[in-house]
Amino acid sequence: MSRYAFTDKVMLVTGGAGGIGSAMCRRFASAGARCVVVDLDEVRAKSVADSLPGSGHTGIGCDLLDRSQIGDVFDRVAADFGRLDVLVNNVGMTSAERFDVRSVESIEREINLNLLSPLVTTRLAIPLLRASTDARVITTVSLGGIFPLGETPIYTASKFGLRGAMLAIGLDLKDKGITAGSVLPSATDTRMLRQEAVEGGNSMQFQDLPQQPADVVAAVVSLLDRPRLEAYPRPSESRLVRFAMLAPNLLPKVFPLFRKRGERGMARYLEELQRRGLVRRVDGRLELVGEA
């Protein structure tokens, strides 16, 4: 049982219609919270909000790269609730394209969405958070914010930056009535990860079977129960990557070993996805099946 009192809390989740975000909203709502589901896809955001247990939930479409749209979201929260108790920065993206062939525009978009938008969102949420008696900010970072993922350097850059920023924000806001912390999950079985696997993306994250969204949600709830700067859904993995970073100059020597293991793990994951009916082979190529 959680020690955190969810009842009547106003909790906003960005990327709320995705695999991890929707799982967070279901967990919060089942405990009595009122959820604001924010997602680029307004139809899915409203669908998730309508499916949640309890009442008072709202689904809002928002492009988090548009500052005015973020402002509109908080204007609506102010009008509907008058405060925000918990902001969860959960939005994120990645790409299977390698750095040497990516467009500059795609690099800028990924950095802006993964790094800049959570900072802007958090800043614009401050007045509503200050209206709460127990304001919290929780951000989904990644173990890629500690350990460099050679095949996805832009994702790595955004998550390294986001981790550092949220550590600093947590220190800065602690004495100002707002508690901030981050969760750092490894690969999680979501549509984004499945798409990356199908496209032959970053094999380094498939050292072990991907965790489930519920594992990330449990880490978020643990931060609500016991506030701290960081929490890890898989503590053993976090210790491994932090240990590896004690000697970063050794990474070129150990990367090939991890990559081979990761490639085997990605192949097993794709086989599992085919067994689950989430991936199919068409004309010799793998593709996702429907909305997962």
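The values are calculated or read from the model by the stated rules, or taken from the named source; none is laboratory data. This structure is a prediction, so every number in the text was calculated from the model and none was measured. So basically every Cβ, Gly included, is an ideal-geometry build from the backbone, and we count neighbours across all protein chains shown.
If I filter segment 146-162 for residues that are without any contact (Cβ under 8 Å) to a residue 40 or more places away in the chain, part of a helix (DSSP H, G or I), of a type in the set (Phe, Trp, Tyr) and closer than 27 Å to residue 252 by Cβ, do I get at least one hit? Write out each step before concluding.
Applying the first criterion (without any contact (Cβ under 8 Å) to a residue 40 or more places away in the chain) to segment 146-162 yields 156, 160.
Retained after the next criterion (residues that are part of a helix (DSSP H, G or I)): 156, 160.
Those left that are additionally of a type in the set (Phe, Trp, Tyr): 160.
If we keep only those that are closer than 27 Å to residue 252 by Cβ as well, we get 160.
Looking through segment 146-162, at least one residue is without any contact (Cβ under 8 Å) to a residue 40 or more places away in the chain, part of a helix (DSSP H, G or I), of a type in the set (Phe, Trp, Tyr) and closer than 27 Å to residue 252 by Cβ.
Determine if segment 232-241 includes at least one residue that is at pLDDT below 85, of a type in the set (D, E, K, R) and touching a Leu at 6+ places or on another chain (Cβ under 9 Å). Within segment 232-241, one or more residues are at pLDDT below 85, of a type in the set (D, E, K, R) and touching a Leu at 6+ places or on another chain (Cβ under 9 Å).
Please go through segment 252-292 and give me each residue that is among the hydrophobic types (A, V, I, L, M, F, W, C) and at pLDDT 85 or above, ordered by number. Before you say what the answer is, go through the steps one by one.
First, pick out the residues of segment 252-292 that are among the hydrophobic types (A, V, I, L, M, F, W, C): 254-255, 257-258, 266-267, 270, 273, 278-279, 282, 286, 288-289, 292.
If the condition is that a residue be among the hydrophobic types (A, V, I, L, M, F, W, C) and at pLDDT 85 or above, then 266, 267, 270, 273, 278, 279, 282, 286, 288, 289 are the ones that fit.
The numbered conditions (1) within 30 Å of residue 33 (Cβ to Cβ); (2) modelled with pLDDT under 85 are all true for residue 224 except (2).
So in segment 109-164, with the set limited to residues that are in contact with a strand residue (DSSP E or B) (Cβ under 9 Å, 6 or more places away or on another chain) and of a type in the set (D, E, K, R), which one is surrounded by the fewest Cβ atoms within 10 Å (Cβ to Cβ)? Result: 130. Filtered by the rule that a residue be closer than 30 Å to residue 247 by Cβ and part of a helix (DSSP H, G or I), segment 119-145 gives 143, 144, 145. Condition check: free of Cβ contacts under 8 Å to residues at least 40 places away in the same chain and within 18 Å of residue 183 (Cβ to Cβ). Does residue 31 satisfy that? Spelling it out, residue 31 is indeed free of Cβ contacts under 8 Å to residues at least 40 places away in the same chain and within 18 Å of residue 183 (Cβ to Cβ). Consider segment 215-247 and keep the residues that are without any contact (Cβ under 8 Å) to a residue 12 or more places away in the chain and either touching a strand residue (DSSP E or B) at 6+ places or on another chain (Cβ under 9 Å) or part of a helix (DSSP H, G or I) (or both). The one that is surrounded by the most Cβ atoms within 10 Å (Cβ to Cβ) is 222.
Could you list, in sequence order, the residues of segment 51-109 that are assigned to a loop (DSSP other than H, G, I, E, B), closer than 20 Å to residue 150 by Cα and small (Gly, Ala, Ser)? Those that are assigned to a loop (DSSP other than H, G, I, E, B), closer than 20 Å to residue 150 by Cα and small (Gly, Ala, Ser): 92, 95, 96, 103. Being outside any helix (DSSP H, G or I), in contact (Cβ under 8 Å) with a residue 60 or more places away in the chain and buried (at least 24 other Cβ atoms within 10 Å of the Cβ) is a property that residue 11 has.
Residue count for segment 185-232 satisfying the condition of being of a type in the set (Phe, Trp, Tyr) and more than 14 Å from residue 140 (Cβ to Cβ): 1.
Considering only segment 204-214, state which residues are in contact with a Gly (Cβ under 8 Å, 6 or more places away or on another chain) and in a helix (DSSP H, G or I).
Here is the first cut: in segment 204-214, the residues in contact with a Gly (Cβ under 8 Å, 6 or more places away or on another chain) are 204-209, 213.
Across segment 204-214, the qualifying residues are 204, 205, 206, 213.
Kindly evaluate residue 106 against the criterion of being of a type in the set (S, T, N, Q), out of contact with any strand residue (DSSP E or B) (no Cβ under 7 Å at 6 or more places or on another chain) and surrounded by 15 or more Cβ atoms within 10 Å (Cβ to Cβ). I'd like the intermediate steps shown before the answer.
Numbers: of a type in the set (S, T, N, Q): yes; out of contact with any strand residue (DSSP E or B) (no Cβ under 7 Å at 6 or more places or on another chain): yes; surrounded by 15 or more Cβ atoms within 10 Å (Cβ to Cβ): no.
For residue 106, the condition - of a type in the set (S, T, N, Q), out of contact with any strand residue (DSSP E or B) (no Cβ under 7 Å at 6 or more places or on another chain) and surrounded by 15 or more Cβ atoms within 10 Å (Cβ to Cβ) - is not met.
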